[in-house]
Amino acid sequence: MASGNPTPTPDPAHDPAPEIARKRLRDLYFGAGNDSRIFRFVLILLDSAAIVYFLATVREESVGLYWYIDFALLCFFAAELALRLWIAQNRKAFWRQLTTWADVLVIVSLALPLVFANLGFMRILRTMRLIRAYRVADELKAWLPVANRHRDVIAASVNLAVFVFVVASVVWVLEARINPEMRSWFDALYYTVTTLTTTGFGDITLKDPLGRMLTVFIMIFGVALFLRLAQSIFRPFKVHYTCQSCGLQRHDPDASHCKHCGAIIHIKTDGEW
C-alpha cells in the first residue's frame, strides 16, 4: 500500500503572480486566440514603424529629437527582448534563434551611437529588425484560410519581398552618404530590383568595393529567390497533407489515395475542387 501524502494537483488559481504573468505573456506571444493575434499584429505594426523611421533617418545623427526617439526605441526593444527571454521555456534554444541575435544587434546599433558619435555607421545593423518581418507570413496563415492553401506562393513571395526590402535598405544605408546618385531609399529599391532582374540600366551604379560585392550578392541570391517564386506560382497546385504511410506531403486536391504508396488519405475539402 502506498504511504505518504499524495502529490497535490497544481491549482492555477493559487499560482504566484509572476507565474500567472508569464503564462499570460506566453499566451499572447504564441496563442491562437484573437487577443494573441491582435497583440502580435500590434508588434508587427510597431516593427514596421520603427523600420520606416530607421530608413528615413539614415543621414541624420543621433542628436536632439532623434536622440530621444532612438533612446525610446532602445528601451522598447530591450524590454521586449527581456520579456521573451523571461517567458522562454528553453533559454538555450532562445539564444540559438536568428531573430534573437538580430534583436541584440539592433539594440547595440541603437545604444552605441547614443554614446559615441563616431559610431553612427552602426545604424546599418538596424535593418536586421527586418528579419522579424517573417512574422507576417505566420499571421497571414492564422487570419486568412486562403493563405494556408497557397502557403508555398506566399512563403516565396515573402522571402523575395523581405530580401528586396532588406537589400535595398542596406544599399541605402551604405551609399546614402557617399554616392550622389543615391538620393532616396526608392533609388536604392530601384537599383536592387534592376540588378536582381539583370536589367541593369546603368543610371545608378555602386562604385566602391563593398558596393560591388553587394551587387554580386544581389544577382546570385536574388535571382534564385525570383525563380523560386516563379516555380511556386506556375507549378500545379497541391494540397499539403502528410501521408501516414510514406510521408509524402503534397497531393492533388481531390486525391483519395497517396500517389507514392497507394495508402488511403483523408484530405479535408469543401467539395469545390
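Can you tell me which condition G211 does not meet? The list is (1) of a type outside the set (D, E, K, R); (2) open to solvent by less than 40 Å² (accessible area, probe 1.4 Å); (3) touching a Ser or Thr at 6+ places or on another chain (Cβ under 7 Å), and all the others hold.
Exception for G211: condition (3).
Of the conditions (1) free of Cβ contacts under 8 Å to residues at least 40 places away in the same chain; (2) closer than 24 Å to Y53 by Cβ; (3) within 20 Å of the chain's Cα centre (by Cα), A224 clears all except one; give me its number.
So A224 meets the others, but not (2).
Return yes or no: is D35 in a helix (DSSP H, G or I) and surrounded by 15 or more Cβ atoms within 10 Å (Cβ to Cβ)? It would help to see each step written out before you state the result.
Working: in a helix (DSSP H, G or I): yes; surrounded by 15 or more Cβ atoms within 10 Å (Cβ to Cβ): no.
No, not satisfied.
Restricting to the stretch 38-51, what's the tally of residues that are at pLDDT 85 or above, in contact with a helix residue (DSSP H, G or I) (Cβ under 7 Å, 6 or more places away or on another chain) and open to solvent by 70 Å² or more (accessible area, probe 1.4 Å)?
0
Determine, yes or no, whether I233 is under 24 Å from the mean Cα position of the chain (by Cα) and at pLDDT below 75.
It is true that I233 is under 24 Å from the mean Cα position of the chain (by Cα) and at pLDDT below 75.
Filter the stretch 47-70 down to residues that are part of a helix (DSSP H, G or I) and charged (D, E, K, R), then give me how many there are. First the steps, then the outcome.
As a first pass, look at the stretch 47-70 and keep what is part of a helix (DSSP H, G or I): 47-56, 65-70.
With the extra rule that they be charged (D, E, K, R), the set shrinks to 47, 70.
Counting residues in the stretch 47-70 that are part of a helix (DSSP H, G or I) and charged (D, E, K, R) gives 2.
Taking R212 as meeting all but one of (1) in a helix (DSSP H, G or I); (2) within 20 Å of T57 (Cα to Cα); (3) not hydrophobic (A, V, I, L, M, F, W, C), write down the number of the exception.
Tallying (1) in a helix (DSSP H, G or I); (2) within 20 Å of T57 (Cα to Cα); (3) not hydrophobic (A, V, I, L, M, F, W, C), R212 fails exactly one: (2).
Restricting to the stretch 88-141, and then to whatever is basic (K, R) and more than 14 Å from S169 (Cβ to Cβ), can you tell me which residue is modelled with the lowest pLDDT?
First, pick out the residues of the stretch 88-141 that are basic (K, R): 91-92, 96, 123, 126, 129, 132, 135, 141.
Next, only the ones that are more than 14 Å from S169 (Cβ to Cβ) stay: 91-92, 96, 135, 141.
Working: R91: 88, K92: 89, R96: 88, R135: 58, K141: 55.
Selected residue: K141.
Give me the pairs: first residue in the stretch 162-185 and on the phi < 0 side of the Ramachandran plot, second residue acidic (D, E) and buried (at least 19 other Cβ atoms within 10 Å of the Cβ), beta-carbon distance under 6 Å, and six or more apart or on different chains, which are they?
Going by the 6 Å Cβ cut-off, the qualifying pairs are M182/E175.
To keep it simple, each residue is scored yes or no on (1) among the acidic types (D, E); (2) open to solvent by 40 Å² or more (accessible area, probe 1.4 Å).
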| site | (1), (2) |
| --- | --- |
| A156 | no, no |
| N159 | no, yes |
| E181 | yes, yes |
| T192 | no, no |
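The values are calculated or read from the model by the stated rules, or taken from the named source; none is laboratory data. As the structure is a computational prediction, the values presented were derived from the model and not from experiment. Cβ coordinates were reconstructed from backbone atoms using ideal geometry, including for glycine residues, and neighbour counts include every protein chain displayed. For the accessible areas, the whole protein counts, side chains as well, though only heavy atoms, and no ligand, DNA or RNA atoms are used. Shrake-Rupley method; radii C 1.70, N 1.55, O 1.52, S 1.80 Å.
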